[in-house]
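In what follows, a structure is listed as structure tokens, so that the remarks can point back to it.
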Amino acid sequence: VKPPQGWTRTSFRRASLAGWMTDTRDGAGNLVARVIVNRLWHHHFGRGLVATPNDFGTQGEDPTHPQLLDWLAQRLLDSGWRLKPIHRLLLTSSVYCQDGRGDDSRRDRDLENRFWWHRPRRRLEAEAIRDALLSVSGRLDPGMYGPGTLDENSPRRSVYLKVKRSRLAPTMMLFDWPEHLVSIGRRANTTTAAQALAFMNSPAGRGYAESLADRLPADSGRAVTRAWQLALGRMPRSDEQAAVAVFLERQERIYRVAGRT
């Protein structure tokens, strides 16, 4: 990369590195494209076409679908390295839209689902859980840019949470926030009782619930419908409405017996 005339304050080594990384003829562009689309697949499906996203070398695993990996990489190059078209392609694919239920005969042949015969259910990562709680409760500040914060109660998106080793956000760590001192190619994904208790009993969780309740109409029937729309983006089914009505009636009776309103 030739620097502009009269500009001598930089060697342009980073620009040269970027150019080499995206050069598909003389540089590493083809490999970088494969690594990127594999990470996108890993993000949406929980495991990449190459199960070792941090290692495409001889010590990493071979791709389960090498031709698909190369095809996706070429789509990325054809789109000018734009990621949104690849996200859209993956999220509208028949693989992503598969049923999450298993099949005994297929499970016997492919226990680890390496060939994607079904789409297993996955828990959201810590940042998405926190952002969803903020959004559903109506507290989310959608503003972009600006300084980050160490305050876990900040209404801004989780991407603006600062990382300080002595002040890690407890709720984020509970939902497997990754270790920030090393490169993590694949996050842990646990489901524990403590996570459910955090939703039910923590001051933050109850605060989100109270903020959601403040957004609902007084009429119980309309409130259930509106809560479903805010939380799930759809109308409740008849069986879901009936189950919620039974639950609310039982809770009201328990509160009444306990002398609470």
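The values are calculated or read from the model by the stated rules, or taken from the named source; none is laboratory data. Owing to the predicted nature of the structure, the values given are computational and were not obtained by experimental measurement. When we count neighbours, we look across all protein chains shown, and the Cβ atoms used for this are built from the backbone with ideal geometry, even at glycine. Note: accessible area is taken over every heavy atom of the protein model, side chains too, but ligands, DNA and RNA are not part of it. Shrake-Rupley method; radii C 1.70, N 1.55, O 1.52, S 1.80 Å.
Share of carbon and sulfur in the accessible area of region 123-168 stands at 55%, probe radius 1.4 Å.
In this label model, Arg234 and Cys97 are separated by 1.4 nm, measuring between points 7 Å along each Cα→Cβ vector. A 1.4 Å probe run over the protein chains yields, for region 114-261, 69 Å² of accessible area per residue, whole-number rounding.
Just the protein heavy atoms count here, and of the accessible area of region 177-261 at 1.4 Å, carbon and sulfur take up 57 percent. What you get for the chain, charging only the Cβ of Lys and Arg (+1) and of Asp and Glu (-1), is a dipole of about 660 debye around the Cα centre. Residue-normalised convex hull volume from the C-alpha trace of the chain: 221 Å³ per residue.
Shape analysis of region 44-110 yields a ratio of the Cα radius of gyration to the Kirkwood radius, Rg/Rh, of 1.02.
Ratio of Rg to Rh for region 156-246: 1.08 [Cα atoms; Kirkwood radius as inverse mean 1/r over pairs]. A full extension of the chain between Trp71 and Leu140 corresponds to an added length of 21.0 nm, given 0.36 nm per residue minus the alpha carbon distance. In this label model, Asp55 and Arg82 are separated by 3.7 nm, measuring between points 7 Å along each Cα→Cβ vector. Summing +1 for each Lys or Arg and -1 for each Asp or Glu among the other residues whose beta-carbon sits under 14 angstrom from that of Tyr145 gives +1. Per residue, the accessible area of region 49-96 comes to 62 Å² when a 1.4 Å probe rolls over the protein heavy atoms.
In this calculation the C-beta distance from Ala258 to Arg222 is compared with R0 = 35 Å, giving a FRET efficiency of 0.85.
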